[in-house]
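*Asks:* What follows is a structure written as structure tokens; I'll ask about it next.
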Amino acid sequence: MRFCLDADQVALRDAVRDMLALECPPALVRAAWPPGDPAAVAALWRDLARMGLFGAAVPIHCGGLGLGETDLVPILTEVGYAAVPLPVAETMAVAAPLLAATGDPGGYLPGVLAGTTRVAIAGAGDLVPYGMLADLVLVLRDGRARIVEPLTTAVVSTVDGSRAAARLALPSAGTVTDDPELVDLCLDRADLATAAQLLGLGRRMLDLTVGYVGTRRQFGAPIGSFQAVQHRLADALLGLEFAMPAVLAAGWALAHRTGSRRQDVSIAVLLAGDAARTMAKTAIQCHGAIGYTVEYDLHLYAKRTWALAASCGTDSHLDRLAAALDLPKGGFP
Amino acid sequence: MIDLVDTAEEARFRTSARAWLRANVPSPPLPSGDTREGFARHVEWERRLFDARWSVVSWPERYGGRDASLWEWLVFEEEYYAGGAPQRVTQNGIFLLAPTLYEFGTPAQQDHLLPRIAAAEDLWCQGWSEPEAGSDLAAITSRAVRDDAAGGWRLSGQKTWTTRGAFCTHLFGLFRTDPTAGRHRGLTYFLVPLGAPGVTVRGFGRLDGDEGFAEVTFVDVLVPDEAVLGGVGNGWRVAMSTASSERGLSLRSPGRFLATADRLVALARSRAEALSPRLRDRVIRAWVGAQAYQMFTRHQVSAMLDGAQPGARASLNKLFWSELDIELHETALELLGAEAETDTAWSRGFLFSLAGPIYAGTNEIQRTIVAERVLGLPRAP
């Protein structure tokens, strides 16, 4: 048994981290809020394509890097840390490997790899995060995976204004696969990507808060020296520290298609969702009033956290674990 | 690299541990090891474990171990608790004192003490807290005075909340050897036979009513120089090494919590007709907590094998497992409904779990350690 990132995984993670620190600072996330600076956001997408990230999970013979889900976890954590305001996780971790696995009947993959085609994933109903920026939408419903071009687009105002969400009318054709295993794998990859981003967002909010309470002085001392503040942050850290290995383990389970992989993904989603939500509340509270403004950067990461955590479908994961543990399904009298 | 399955060697180890435990774990379970009668039965069990070389698997063979890797030790712990094997009444010696002996003991101390610990010949308890020094451990006043004529040290003072002190044969603890030095300085770590003249042990009831606590009084107790572990005046550093073991992985491996979580799920299944959605979700989340602890420790073991020292991060373990243990038991009691007030393994386990956030440094102390030494926040005033 062994459970540590290897040197290659660390090197790739660090390269992504360094690039995003430079190219996706808080100002770039703000540029994605309306009216914003669409050109700056589009430039970031091209930078990510130049790194080869959209082919990360695509086999080498299809022009990708040939990485597995385990390798994606640290990368996606960095995407979360930077709150990249683009459908990076959707395109890189879900759509691109699906296109490769199905032989890319629509001929979309070259554009995805080149950074000219963005793919969003339809959420519940007709709400599509990044729908305003997406060329294609992946719909995972009714045991089918469809990749379609939207028919109509209506912008939606959202709490996290950098999500470019839209209500889309989608055509019913465009099935890429109805192989249940592959459709489930897409759903699991999407959940894993969300969990990993939540970990990164949590870390970002923790870093901001630790920095702030270490310098902000009240009663003649840094507020981070007060136990009431210290203990809340210790608890928030605890949640993140205990979620991280579970998310990494879920990535490994997916990469190796283990029998417990869906269960492991659910564990990861529950832990990461709780940890990130707790971190968001703690971060705002420990900042005080400055944390309750849009002038300070914290809200960028808290709002992304809420959006991603809400998209996870906590109940469905609890039901899945209930089934695995032979406990009754929810929703009974 | 990540590989979360047993290697062939680990799998062989697991199979062989499981087979031995299946054939040997006492049934029905032993009475509580925190009673006089139960303790004696547990010591018999510990000697059987030792005879079969399962008492200290990760130790060198010359001390009665199997030279097992950290992974194999985790595997053994999983199998041990999954098999319903008894609590380890030797835990203070095996999991707390021994790691400290490996780090700070002289070769003579190691050769003499470690085999006796492994074989449950010497049964160790801790001597940290005093009536006026609990969380504030550096406030201890028990002292050791050099007696050059007798060639040793004379101990005086009182220790308390000493777990299983009434049944043990030896105590390790902190004594003040330099009354003029500052709080954390001038302390020395001593190894004391409880049978020495001048030692009085009085057992008393813990929250569960068992005589699991003791107060230990020292009146002019003479111990030789060999009773000093890690050097005169170095006691704080040595004690913190023991405390790190107590908070971290070595005392509380995931095996016991995984086993408790599985028993909780079995209990919930047996009451499926009365299981509300809320309680079902509580059971699932408690079970998820145990899985999280397992993944965390696996990650930690890998980091340790790569040379990382857990240090203050042991406080993260302690916070997590102690609160997880309470949650697992509270959830079980809620499942039991009105039956929860009866004396059962779950109600006893619940009372025991409440000690977790207190011993080894209260969780309030642990949160402060995490904040200051893991997060790097400014020190509390």
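*Asks:* Give me B:Ile2, B:Ile326 sorted ascending by neighbouring Cβ count inside 10 Å, so fewest comes first.
*Replies:* Ordered from fewest to most neighbouring Cβ atoms within 10 Å, B:Ile2, B:Ile326 come out as B:Ile326, B:Ile2.
*Asks:* Now a separate question. So what J values fall out for segment B:321-326 if you push phi through Karplus, 6.51 cos²θ - 1.76 cosθ + 1.60 with θ = phi - 60°, rounded to Hz, Gly and Pro as x?
*Replies:* Karplus values, whole Hz, x for Gly and Pro: 5, 5, 7, 4, 4, 5.
*Asks:* Report the equivalent ellipsoid semi-axes for chain B in whole Å, largest first, defined as the square roots of five times the eigenvalues of the gyration tensor built from alpha carbon atoms.
*Replies:* That gives 34, 23, 22 Å for the three semi-axes.
*Asks:* Please state, as a whole number in µm²/s, the translational diffusion coefficient that the Stokes-Einstein equation yields for segment B:97-147 at 20 °C and 1.002 mPa s, with Rh defined as the Kirkwood radius across alpha carbon pairs.
*Replies:* 163
*Asks:* Based on DSSP H runs of at least 4 residues, each adding -39500 (n - 2.57), what is the mean residue ellipticity at 222 nm of chain A after dividing by all its residues, to the nearest 500 deg cm²/dmol?
*Replies:* Calculated from helices alone, the mean residue ellipticity at 222 nm is -17500 deg cm²/dmol.
*Asks:* Around A:Ala302, what is the net charge, scoring Lys/Arg as +1 and Asp/Glu as -1 over all other residues with Cβ under 11 Å from its Cβ?
*Replies:* Counting the neighbours of A:Ala302, the net charge comes to +3.
*Asks:* Could you work out, residue by residue across A:246-252, how many beta carbons of other chains sit within 10 Å of that residue's beta carbon, and then give the average as an integer?
*Replies:* Whole-number average of other-chain Cβ neighbours for A:246-252 is 4.
*Asks:* Let me ask something additional. What is the ratio of the Cα radius of gyration of segment B:196-268 to 2.2 N^0.38 Å, where N is its residue count, to two decimals?
*Replies:* Compactness ratio reported: 1.68.
*Asks:* Expressed as cubic angstrom per residue, what is the convex hull volume of the alpha carbon set of segment A:138-252?
*Replies:* Roughly 135 Å³ of hull volume per residue.
*Asks:* Once R0 is set to 35 Å, what does the formula 1/(1 + (r/R0)^6) return for the Cβ-Cβ distance between B:Arg47 and A:Asp315, expressed as a FRET efficiency to the nearest 0.05?
*Replies:* Here the calculated transfer efficiency is 0.10.
*Asks:* Mind checking which of A:Ala95, A:Pro85, A:Met132 is farthest towards the positive end of segment A:61-185's charge dipole, using Cβ charges of +1 (Lys, Arg) and -1 (Asp, Glu) about the Cα centre?
*Replies:* Projecting each Cα onto the dipole axis, the largest value belongs to A:Met132.
*Asks:* How much length, in nm to one decimal, is gained on full extension between B:Ala308 and B:Ala11, taken as 0.36 nm per residue of separation minus their Cα-Cα distance?
*Replies:* Extra length from B:Ala308 to B:Ala11 when fully extended: 104.3 nm.
*Asks:* May I ask you to evaluate 6.51 cos²θ - 1.76 cosθ + 1.60, the Karplus curve with θ = phi - 60°, for each residue of segment B:108-125 and list the ³J(HN,Hα) values in order in whole Hz, giving x for glycine and proline?
*Replies:* Values per residue, Gly and Pro as x: 5, 4, 4, 5, 7, 8, 4, x, 6, 5, 4, 8, 6, 7, 9, 10, 9, 10 Hz.
*Asks:* Could I get the Rg over Rh figure for segment B:1-143? Both from C-alpha atoms, Rh via Kirkwood, rounded to two places.
*Replies:* Using Cα coordinates only, the ratio equals 1.02.
*Asks:* For a quick check: sort A:Thr70, A:Thr293, B:Thr217 by the number of other beta carbons within 10 angstrom, fewest at the front.
*Replies:* Exposure proxy ranking, most exposed first: A:Thr293, B:Thr217, A:Thr70.
*Asks:* Next question, about the same structure. Based only on Cα atoms, what mean projected area does the convex hull of chain A have, in nm²?
*Replies:* The number I arrive at for chain A is 18.6 nm².
*Asks:* While we're looking at this one, here's another question. Please average, across the residues of B:252-265, the number of beta carbons from any other chain that are within 10 Å of each residue's own beta carbon, and give a whole number.
*Replies:* Other-chain Cβ atoms within 10 Å of each residue's Cβ, averaged: 1.
*Asks:* Here is a follow-up. For segment A:176-333, what size does the Cα cloud have along each of its three principal axes, sorted from largest down, in whole Å?
*Replies:* Sorted largest first, the three principal extents are 62, 35, 32 Å.
*Asks:* Here's a follow-up. Taking N as the number of residues in the protein assembly as shown, what value does Rg over Cα atoms divided by 2.2 N^0.38 Å take?
*Replies:* My calculation over the Cα atoms of the protein assembly as shown gives 1.06.
*Asks:* What Cys residues in the protein assembly as shown are without a partner cysteine, judged by a Cβ distance under 4.7 Å?
*Replies:* Unpaired cysteines in the protein assembly as shown: A:Cys4, A:Cys24, A:Cys62, A:Cys186, A:Cys286, A:Cys312.
*Asks:* Another question about this same structure. Can you run the Rg to Rh ratio on segment A:3-63? Use alpha carbon positions and the Kirkwood inverse-distance Rh.
*Replies:* With Rg and the Kirkwood Rh in hand, the quotient comes to 1.08.
*Asks:* How shielded is B:315-328 by partner chains, expressed as the average number of their Cβ atoms within 10 Å of its Cβ atoms?
*Replies:* Averaged over the peptide's residues, the number is 2.
*Asks:* Still on this structure: Using the number of other C-beta atoms within 10 angstrom as an exposure proxy, rank A:Thr258, B:Thr331, B:Thr242, B:Thr35 with the fewest first.
*Replies:* In increasing order of surrounding Cβ atoms, one gets A:Thr258, B:Thr35, B:Thr331, B:Thr242.
*Asks:* Among DSSP beta bridges lying fully in the protein assembly as shown, give the percent that are antiparallel, nearest 5.
*Replies:* Bridges in the protein assembly as shown that DSSP calls antiparallel: roughly 85 percent.
*Asks:* To continue, here is another question. Under the Karplus relation 6.51 cos²θ - 1.76 cosθ + 1.60, θ = phi - 60°, what is the ordered set of whole-Hz ³J(HN,Hα) values for segment B:224-229, x standing for Gly and Pro?
*Replies:* x, 4, 5, 7, 7, 10
*Asks:* If the cut-off is 21 Å between C-alpha atoms, which lysines fall inside it for A:Lys303, apart from same-chain ones fewer than 8 positions away?
*Replies:* Here the lysines satisfying the reach criterion relative to A:Lys303 are A:Lys281.
*Asks:* Taking a spot 7 Å from the Cα of B:Ala274 along the direction of its beta carbon, which residues of segment B:307-350 have an amide N less than 16 Å from it?
*Replies:* Inside the label zone: B:330-347.
*Asks:* Which whole number of Å³ per residue matches the convex hull of the alpha-carbon atoms in segment B:80-208?
*Replies:* So the per-residue hull volume is 145 Å³.
*Asks:* Return the long-range amide H neighbours of B:Phe213 (sequence gap of 5 or more, or a different chain), with a cut-off of under 5 Å between placed amide H atoms.
*Replies:* Residues meeting the amide H criterion: B:Arg164, B:Phe204, B:Arg206.
Computed from the coordinates by the stated procedures, all read-outs in this text should not be read as laboratory data. Keep in mind that what you see is a predicted model, and the values were worked out from it rather than measured. All Cβ positions, even for glycine, are placed from backbone atoms using ideal geometry, and neighbour counts span all protein chains on display.
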